[in-house]
1. If we scan region 38-60, do we find a residue that is of a type outside the set (D, E, K, R), closer than 15 Å to V131 by Cβ, open to solvent by less than 70 Å² (accessible area, probe 1.4 Å) and in contact with a helix residue (DSSP H, G or I) (Cβ under 7 Å, 6 or more places away or on another chain)?
2. Regarding region 102-114, can at least one residue be identified that is β-branched (V, I, T), away from the ligand (no atom under 11 Å from the Cβ) and closer than 30 Å to P129 by Cβ?
3. For region 1-35, name all the residues that are aliphatic (A, V, I, L, M), over 18 Å from the mean Cα position of the chain (by Cα) and open to solvent by less than 80 Å² (accessible area, probe 1.4 Å).
4. Considering V131, V121, V107, which residue is under 15 Å from W64 (Cα atoms) and open to solvent by 20 Å² or more (accessible area, probe 1.4 Å)?
5. Can you tell me which of V97, V121, V61, V107 is aliphatic (A, V, I, L, M) and closer than 16 Å to L4 by Cα?
6. For region 61-86, give me the residue count where each residue is among the hydrophobic types (A, V, I, L, M, F, W, C) and open to solvent by 60 Å² or more (accessible area, probe 1.4 Å).
7. Which pairs turn up if I take residues in region 30-43 that are at pLDDT below 95 and look for partners that are within 12 Å of the ligand (Cβ to nearest atom) and open to solvent by 60 Å² or more (accessible area, probe 1.4 Å) with beta carbon separation below 7 Å, at least 6 apart in sequence or on another chain?
8. For R68, are the conditions met, namely being closer than 24 Å to A19 by Cα and of a type in the set (K, R)?
Amino acid sequence: MPRLTVWMVRAALLHLGTAFTIGALMLFHKGNPLDAGIWRLLAAHMDFALLGWTMQLAMGVAFWIMPRLSGERKYGVVWLAWLAFGLINAGVLAVAVSPWFGTAGNVLALAGRASELGAAVVFAIHIWPRVKAFGATTGKTP
Ligand code: HEM
């Protein structure tokens, strides 16, 4: 398994654990009210679960299993995939903490969303040449 996949899958598992913990806390709060501020965790819960876990796991496994290219750079332009790794995690963390920054938090949440979108775009650019039929040269269908 390539090193980037190891990092992405491990990060995704950390996001899953965090999403589930927050989810359980919110669920507990619905039954036994603790602190209304707990609902500030909802955005974090959704981002950890949908992007930090689901999207990052998919990116990590795709980087590993999509067809390799011939020649030296068999995984393609790898720094793009590392950039996507940084952007997705920075984006999710920015959105997660944004409710605690008042009005500045709106800017932080927007920056977080832009970073998450950037991760998807950068990863798509990275993986595109590897989306090819078995045995085909880069990006062409036989
Ligand atoms: C990968 C798994 C999960 C995903 C993708 C996910 C996603 C979501 C989403 C998108 C919402 C917002 C729903 C809405 O506002 O309409 C939500 C809310 C919530 N989730 Fe999760 N969730 C996951 C797992 C869990 C788990 C394991 C728990 C509890 C142990 C949990 C507890 C909650 C609670 C309590 C809410 C708030 C519901 C409400 O507004 O009343 N979630 N989740």
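1. Filtering region 38-60 down to residues of a type outside the set (D, E, K, R) leaves 38-39, 41-46, 48-60.
So of that shortlist, the ones also closer than 15 Å to V131 by Cβ come out as 58-59.
Then drop every residue that is not open to solvent by less than 70 Å² (accessible area, probe 1.4 Å), which leaves 58-59.
So of that shortlist, the ones also in contact with a helix residue (DSSP H, G or I) (Cβ under 7 Å, 6 or more places away or on another chain) come out as 59.
Among the residues of region 38-60, at least one is of a type outside the set (D, E, K, R), closer than 15 Å to V131 by Cβ, open to solvent by less than 70 Å² (accessible area, probe 1.4 Å) and in contact with a helix residue (DSSP H, G or I) (Cβ under 7 Å, 6 or more places away or on another chain), which makes the answer yes.
2. The initial filter retains those residues of region 102-114 that are β-branched (V, I, T), namely 103, 107.
Filter again for away from the ligand (no atom under 11 Å from the Cβ), leaving 103, 107.
Within this subset, residues satisfying the condition of being closer than 30 Å to P129 by Cβ are none.
Within region 102-114, not a single residue is β-branched (V, I, T), away from the ligand (no atom under 11 Å from the Cβ) and closer than 30 Å to P129 by Cβ.
3. Residues of region 1-35 that are aliphatic (A, V, I, L, M), as a first pass: 1, 4, 6, 8-9, 11-14, 16, 19, 22, 24-27, 34.
This time we only want the ones that are over 18 Å from the mean Cα position of the chain (by Cα), so: 1, 24-27, 34.
Listed by number, the residues that qualify are A24, L25, M26.
4. Numbers: V121 fails: under 15 Å from W64 (Cα atoms); V107 fails: under 15 Å from W64 (Cα atoms).
After applying the criteria, what remains is V131.
5. Values: V97 fails: closer than 16 Å to L4 by Cα; V121 fails: closer than 16 Å to L4 by Cα; V107 fails: closer than 16 Å to L4 by Cα.
Unique residue meeting the criteria: V61.
6. If we filter region 61-86 for residues that are among the hydrophobic types (A, V, I, L, M, F, W, C), which is where we start, we get 61-66, 69, 77-85.
Of the ones still in play, those that are also open to solvent by 60 Å² or more (accessible area, probe 1.4 Å) are 64-65, 79, 82-83.
Matching residues across region 61-86 total 5.
7. I38/L25
8. Details: closer than 24 Å to A19 by Cα: no; of a type in the set (K, R): yes.
No; evaluated as a whole, the condition is false for this residue.
The values are calculated or read from the model by the stated rules, or taken from the named source; none is laboratory data. A quick note: this is a predicted structure, and the numbers were derived from the prediction, not measured. No Cβ is skipped: glycine too gets one built from the backbone with ideal geometry, and neighbour counts run over all protein chains shown. Areas reflect the complete protein model, heavy atoms only, side chains present, ligands, DNA and RNA absent. Shrake-Rupley method; radii C 1.70, N 1.55, O 1.52, S 1.80 Å.
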